[in-house]
Structure formats: C-alpha cells, structure tokens
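Notes for the one structure printed next.
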Amino acid sequence: QVQLVESGGGLVQPGGSLRLSCAASGRDFSSNAMAWYRQAPGKQRELVARIFSSASTNYADSVKGRFTISRDFAKNTVYLQMNSLKPEDTAVYYCNAGGTLFATYWGQGTQVTVSS
C-alpha cells in the first residue's frame, strides 16, 4: 500500500520557520517528481514547490527565496523548509508524488498556521 505521510506543521509567528517532511512508503518514487501544494480556506489548491528526479526545482513566485524543497532518495522523503513565514502562508500543506494536480498519490495534509 502506497502512503505519503506529512509532518512538521504547526503554529508559528510571522517571520518564523517550519520544516515539513513527507515520508513515502510502499513504492520507490526516486524517478518521480515530488511536490508540495497548499490550500487555504476558500481558495484553490496551489503549487508551492516541485522537485524532479534530477533534483531541479521550481517554486511559486510567492515563496521564492523563502522556501526550499529538497529530497532524500535513500529515505524516500521530501522536505519543505519554510523561512520568513507570513500570515498568507497559512494553509493545509499536501505533498504528492508526480508533481502535478493530477497526481495519483497525495498525503493527508498538515496544517500550517502563521499568526501572532
């Protein structure tokens, strides 16, 4: 059974940092792109960052320079380091295997709340 399990969300003050993890099991995704998406209340799910098997990356303009996506092939895990967090970063963050909105495998999501 394929599972993606996110962790690391929580409540943080503006300007703070969080590191999200997405651990995959049941299948080796080293040849797949992996991505982080987020969805705020009342808004559509949007791409935050994507990392390819080559380790090349792309980011939403709103997070460039603040967020960093990385992956550990040995652990079949993807990370999202989030720095200089803003209230508008508040959302449920999801990882997926495949990199697009049409990906088959998604995690259950982890809540990130940025508030003072």
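A few remarks follow.
- Accessible area in the full protein assembly, largest first, 1.4 Å probe, for Glu6, Glu88, Glu46: Glu88, Glu46, Glu6
- Mean projection area, nm², convex hull over Cα of region 51-92: 3.5 nm²
- Expressed as a whole percent, the accessible surface of the chain that belongs to carbon and sulfur atoms is 48, based on a 1.4 Å probe.
- Mean accessible surface per residue for the chain, computed with a 1.4 Å probe while every protein chain stays in place, in Å²: 51 Å²
- Mean Cβ neighbour count within 10 Å, used as a protection proxy, ranking 95-105, 57-67 highest first: 95-105, 57-67
- Built amide H within the under 5 Å cut-off of Gly109, gap 5+: Glu6, Cys95
- Estimated vicinal HN-Hα couplings, Hz - region 60-75 in sequence order (Karplus 6.51, -1.76, 1.60; Gly, Pro = x): 5, 4, 5, 10, 4, x, 10, 10, 9, 9, 8, 9, 10, 5, 5, 9
- Percentage, to the nearest whole number, of Cα pairs in region 1-47 over 14 Å apart: 66 percent
- Projecting the alpha carbon convex hull of region 63-116 along each direction and taking the average yields 4.5 nm².
- Model label points for Phe52 and Ser116, set 7 angstrom from Cα along the Cα-to-Cβ axis, are 4.1 nm apart.
- A 1.4 Å probe over all protein chains sorts Val5, Val12, Val48 by accessible area into Val5, Val12, Val48, starting with the largest.
- Lysines with Cα under 19 Å of Lys43, excluding same-chain neighbours fewer than 8 positions away: Lys86
- Net charge contributed by nearby residues that have their C-beta within less than 11 Å of Thr57 (K/R +1, D/E -1): +3
- Per-selection metrics, the chain (Cα): Rg and Dmax in Å: 13.1, 40
The values are calculated or read from the model by the stated rules, or taken from the named source; none is laboratory data. Fair warning: this is a prediction, and the values are worked out from it, not measured in the lab. As a convention, Cβ positions derive from the backbone with ideal geometry for all residues, glycine included, and neighbour counts pool all protein chains shown. Heads up: the accessible areas ignore ligands, DNA and RNA and are worked out on the full protein's heavy atoms, side chains in. Shrake-Rupley method; radii C 1.70, N 1.55, O 1.52, S 1.80 Å.
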